[in-house]
Amino acid sequence: MERVRVAVTGMGIVSPVGNTVQDAWDSIRNGRSGIDRITLFDPANSPVQIAGEVKNFDISAYGVPHRTSRKLARFSRFLLAAGIQAVEDAGFPGGVLPAERTGVIAGNCLGGEDAIDAAYRRFLAPADGARLIPALTTPLTISNEAAANLAMYFGLHGPALTVSTACASGTDAIGMAADSIRAGRTDVCLSGGTESGILAYAIECYSALQALSYHYNETPQRASRPFDRDRDGFVLSEGAAVLVLERWEHAQQRGARIYAEIAGYGATCDAWHITAPRPDGSGAAAAVRAAIADAGLEAKDIGYYNAHGTSTAVNDNAESIMLGSVFAGCEKSLHVSSTKSMTGHMIGAAGAAEAIFCIQALQDGFIPPTINLEHLSVEGSSAFDYTPLTGKAVPLQAAASASLGFGGHNSCIVLKKPQDN
C-alpha cells in the first residue's frame with residue numbers, strides 16, 4: 001500500500017521572540033532572546049523574576065470580535081491567533097477549509113491558569129460577602145477549549161482533540177495530526193500547541209521543584225543556557241504555534257505552497273519518574289529512532305536536530321547521552337541546537353514552535369544558534385556541534401525535533417524539505 005505523505009502548507013506563531021513566523025525566525029536566526037523581566041504580575045517578592053512573555057499581543061488585531069475573545073482564556077487566544085495566521089498562510093480559497101475533512105489537534109499542558117487564578121482570588125476574597133466567580137470560569141480553564149475554539153472559529157467538523165503530554169504536547173499533536181491524515185480520517189489538520197502559565201502561583205510551583213533559573217534575574221537574556229556549565233534551570237515561557245498539515249495530493253491539487261513534509265513520528269514513555277528523564281536517555285533514544293525509521297531514513301540523513309535542550313542538568317545530560325547513542329558516527333554531519341536558549345520553555349507550545357524553526361532551518365539552509373553556550377558541559381558526547389553562540393549556514397535535507405516531558409513522555413518528528421517524488 002502506497003504511503004500517504006503529509007505536507008505542511010501553513011504556519012503561524014505567537015511567541016516571546018515574535019508574533020509572526022517571519023519575526024520569530026528573524027529573532028531565532030540572529031540569536032535574539034525574548035526573555036525579560038516579568039510584567040504580567042509584580043515579581044518583586046518572587047525568587048524568579050524573569051520569563052518569556054508574549055509581547056504586544058492583541059487578539060483583536062487578528063479580526064477576532066470582542067464577543068468571541070471575551071470567552072477565551074489567554075492560552076486559547078494564543079492558539080486562535082496562531083491558527084488564523086496559519087490558515088491565511090496556507091492560502092485556502094476564500095479562507096474556507098473543507099469543514100468535514102479538517103480536524104484540529106492541539107497540545108496543551110496547563111490550561112487556562114489565568115482564569116483559574118482570577119476565579120480563585122475571588123473565591124478566597126469575595127466582594128461584599130458574595131463569591132462572584134465568573135460564570136465562564138470552567139469553559140475558560142479546561143485544556144480542550146483552545147482546540148475547540150479554533151474549530152468553532154473556522155467551522156470545522158473533523159476531530160478536535162487535545163493532547164496533554166506535558167512538554168511533549170506540541171510535538172505529539174503534530175505527530176498525531178500526521179497520523180490522522182495518513183489513516184484517512186482527515187485531509188487537513190490544524191496542529192500545534194499553546195501555553196500561558198506565567199503567574200505568581202505557577203512560578204512558585206516550578207520554583208519549589210528547583211526547576212527554574214533564578215541566578216540571572218538581573219541579566220534575563222543570559223538565563224536560558226542549554227548544555228552550558230553555568231545553567232541553573234529553565235525559563236518559563238508562553239505562546240502558541242500552529243501548522244496546517246495536509247494530505248500531499250490534496251495540497252498539490254489546490255496548488256498550495258508546500259513548506260516541508262512531516263515524514264516521521266515516534267513516541268515513547270520512560271515509565272521511570274514523574275519529572276526526571278531516564279538518565280541513560282534510552283526512552284528518548286527509542287522515540288528518535290522510531291521517528292527516523294518512520295520517515296524511511298537513517299540517522300546519517302538527519303542534518304539538524306532541534307534539541308529539547310531545557311537548560312537543566314538532568315535534561316541536558318540525558319539528551320546528550322541519547323545523541324551519542326542514536327547518532328553514533330554522525331558527529332561531523334549532525335548539527336544540534338536548542339532554540340529554547342532564546343524562547344525559554346513554552347511547555348505545551350514548545351514542540352510546535354520548534355517544528356516551525358526546523359522548517360525555517362530547512363528552507364534557509366541555516367542552523368540556529370544555542371545562545372549563552374559558553375562552556376559546553378554534558379555527560380554524554382561533546383563531539384557534536386551544539387552550535388554555540390552563533391548560527392551557521394549548512395545545506396539541509398532533513399531535520400528532527402524532539403520533546404521530552406514530565407512523566408517520561410518522549411516524542412520526535414522528522415521533517416524533510418519538500419520533494420515532488
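Given Lys340/Lys416; Lys71/Lys340; Lys340/Lys392; Lys340/Lys417, which pairs have Cα atoms separated by over 19 Å? Present the calculation step by step, with values, prior to reporting the outcome.
Numbers: Lys340/Lys416 22 Å; Lys71/Lys340 31 Å; Lys340/Lys392 17 Å; Lys340/Lys417 23 Å.
Over 19 Å Cα-Cα: Lys340/Lys416; Lys71/Lys340; Lys340/Lys417.
Starting from the Cα gyration tensor of region 263-421, take the square roots of the eigenvalues, sort them a ≥ b ≥ c, and report rounded, prolate or oblate (rounded when a/c is under 1.5, otherwise prolate if a/b is larger than b/c, else oblate). Show your work: numbers first, answer last.
Numbers: a/c = 1.42, a/b = 1.17, b/c = 1.21.
Because its axes are fairly even, with a/c under 1.5, region 263-421 counts as rounded.
Classify region 91-229 from the C-alpha gyration tensor, please: rounded if a/c falls under 1.5, else prolate or oblate depending on whether a/b exceeds b/c.
Numbers: a/c = 2.77, a/b = 1.33, b/c = 2.09.
Judged from the Cα gyration tensor, region 91-229 comes out oblate (a/c at least 1.5, b/c at or above a/b).
With a ≥ b ≥ c the root eigenvalues of the C-alpha gyration tensor of the chain, is it rounded (a/c under 1.5), prolate (a/b larger than b/c) or oblate? Display every interim value, and only then the final one.
Values: a/c = 1.69, a/b = 1.08, b/c = 1.56.
It is oblate, given that a/c is not under 1.5 and a/b is not larger than b/c.
Eigenvalues of the Cα gyration tensor times 5, then square-rooted: what semi-axes does that give for region 168-274, in whole angstrom, largest first? Spell out each step's value before the answer.
Values: eigenvalues 268, 54, 36 Å².
For region 168-274, the semi-axes come out at 37, 16, 13 Å.
Using a basic spin-label model with each label point 7 Å from the Cα along Cα→Cβ, how many nm lie between Arg122 and Asp58?
About 2.6 nm separates the two model spin labels.
Would you look at the GNM of the chain, springs on alpha carbons closer than 10 Å, and say which of Ile203, Ile133, Ile321 moves the most?
Ile133
Take the chain, connect every pair of alpha-carbon atoms lying under 10 Å apart with a spring to form a Gaussian network, then pick out the residue of Ala211, Ala353, Ala183 with the largest mean-square fluctuation.
In this elastic network of the chain, the residue with the biggest mean-square fluctuation among Ala211, Ala353, Ala183 is Ala183.
How long is the gain from Asp230 to Val4 if the chain were fully straight, where each residue apart is worth 0.36 nm and the alpha carbon distance is subtracted? It would help to have the intermediate numbers written out before the result.
Numbers: separation 226, 0.36 × 226 = 81.36 nm, distance 4.54 nm.
So the extension gain works out to 76.8 nm.
What relative contact order, as a whole-number percentage, does region 211-369 give when Cα pairs under 8 Å and 6 or more residues apart are counted?
This gives 30 percent for region 211-369.
With every protein chain kept in the model, how would you rank Phe357, Phe57 by accessible area, 1.4 Å probe, largest at the top? Intermediate results must be reported in sequence, preceding the final value.
Details: Phe357 5, Phe57 50 Å².
Of Phe357, Phe57, the descending order of accessible area is Phe57, Phe357.
Calculate what fraction, in whole %, of the accessible area of the chain sits on carbon and sulfur atoms when a 1.4 Å probe is rolled over the protein chains. Write down the numbers at each step before the final one.
Working: 8350 of 16130 Å².
Here carbon and sulfur together make up 52 percent of the probe-accessible area.
If packing is taken as the average number of other Cβ atoms within 10 Å across a peptide's residues, how do 143-156, 237-250 rank, most packed first? Present the calculation step by step, with values, prior to reporting the outcome.
Details: 143-156: 21.7, 237-250: 27.9.
Peptide ranking by packing, descending: 237-250, 143-156.
Could you work out how far the C-alpha centroid of region 39-57 sits from that of region 1-20, in angstrom?
Cα centroid of region 39-57 versus Cα centroid of region 1-20: 29 Å apart.
For region 1-42, what's the relative contact order in percent, using C-alpha pairs closer than 8 Å and at least 6 residues apart? Walk me through the numbers on the way to the answer.
On the way: 22 pairs, mean separation 10.0, N = 42.
This gives 24 percent for region 1-42.
Counting only the heavy atoms of the protein chains, how much of Arg222 is accessible to a 1.4 Å probe, in Å² to the nearest 10?
Near enough 100 Å² of accessible area.
Please work out the FRET efficiency for the pair Glu331 and Arg37, using the Cβ-Cβ distance as r and a Förster radius of 56 Å; give the result to the nearest 0.05. The partial results should precede the final answer.
Numbers: r = 39 Å, r/R0 = 0.69.
E between Glu331 and Arg37, to the nearest 0.05, is 0.90.
Identify which of His157, His335, His273 has the largest mean-square fluctuation in a Gaussian network model of the chain, with springs joining Cα atoms closer than 10 Å.
In the Gaussian network model the winner is His273.
Tell me the per residue accessible area of the chain using a 1.4 Å probe; a whole number in Å² is fine.
38
With Cβ to Cβ distances under 15 Å as the rule, what net charge do the other residues near Ser282 carry (K, R +1; D, E -1)? Each step should come with its number before you reach the end.
Values: positive: Arg278, Arg289; negative: Asp270, Asp280, Glu319, Glu379.
So the surrounding residues net to -2.
Rounded to the nearest 500 deg cm²/dmol, what is the calculated helix-only ellipticity per residue at 222 nm for the chain, with -39500 (n - 2.57) per DSSP H run of length n ≥ 4? Spell out each step's value before the answer.
Details: 13 runs with 132 residues, N = 421.
Result for the chain: -9500 deg cm²/dmol, rounded to the nearest 500.
Just to confirm the filter: which trypsin sites (Lys or Arg not before Pro) across region 101-192 are DSSP coil and have at most 14 other Cβ within 10 angstrom of their Cβ?
In loop regions of region 101-192 (DSSP not H, G, I, E or B), the sparsely surrounded trypsin sites (Lys or Arg not before Pro) are Arg131, Arg185.
Run the simple label-point estimate for Ala200 and Ala135 please: 7 Å along Cα→C-beta, distance reported in nm.
Placing both labels 7 Å along Cα→Cβ, they lie 3.0 nm apart.
Please give the length that would be gained between Ala383 and Glu100 if that part of the chain were fully extended, namely 0.36 nm times their separation in residues minus their C-alpha to C-alpha distance (nm, one decimal). Don't skip to the answer; put the middle values down first.
Working: separation 283, 0.36 × 283 = 101.88 nm, distance 4.95 nm.
Between Ala383 and Glu100, full extension yields 96.9 nm more.
If contacts are Cα pairs under 8 angstrom and at least 6 residues apart, what is the relative contact order of the chain in percent? Numbers along the way, then the final one.
Values: 1146 pairs, mean separation 98.6, N = 421.
RCO, the chain: 23 percent.
Test of understanding: what is the full-extension gain from Thr68 to Ser207, defined as 0.36 nm times their sequence separation minus their Cα-Cα distance? Walk me through the numbers on the way to the answer.
Numbers: separation 139, 0.36 × 139 = 50.04 nm, distance 3.47 nm.
The Thr68-Ser207 span can extend by a further 46.6 nm.
Using Cα positions and a limit of under 17 Å, work out the aspartates and glutamates in reach of Lys300, with same-chain residues fewer than 8 apart set aside.
Of all the aspartates and glutamates, those that pass the test against Lys300 - Cα under 17 Å, at least 8 places apart if same chain - are Glu331, Asp385.
State the Cα centre-to-centre distance between region 272-294 and region 82-114 in whole Å.
Each part reduced to its Cα centre gives a spacing of 29 Å.
The values are calculated or read from the model by the stated rules, or taken from the named source; none is laboratory data. Because the structure is predicted, anything quoted here is derived from the model rather than measured. Cβ atoms come from the backbone with ideal geometry, glycine included; neighbour counts cover every protein chain shown. Accessible surface is based on the protein model in full, side chains and every heavy atom, while ligands, DNA and RNA are left aside. Shrake-Rupley method; radii C 1.70, N 1.55, O 1.52, S 1.80 Å.
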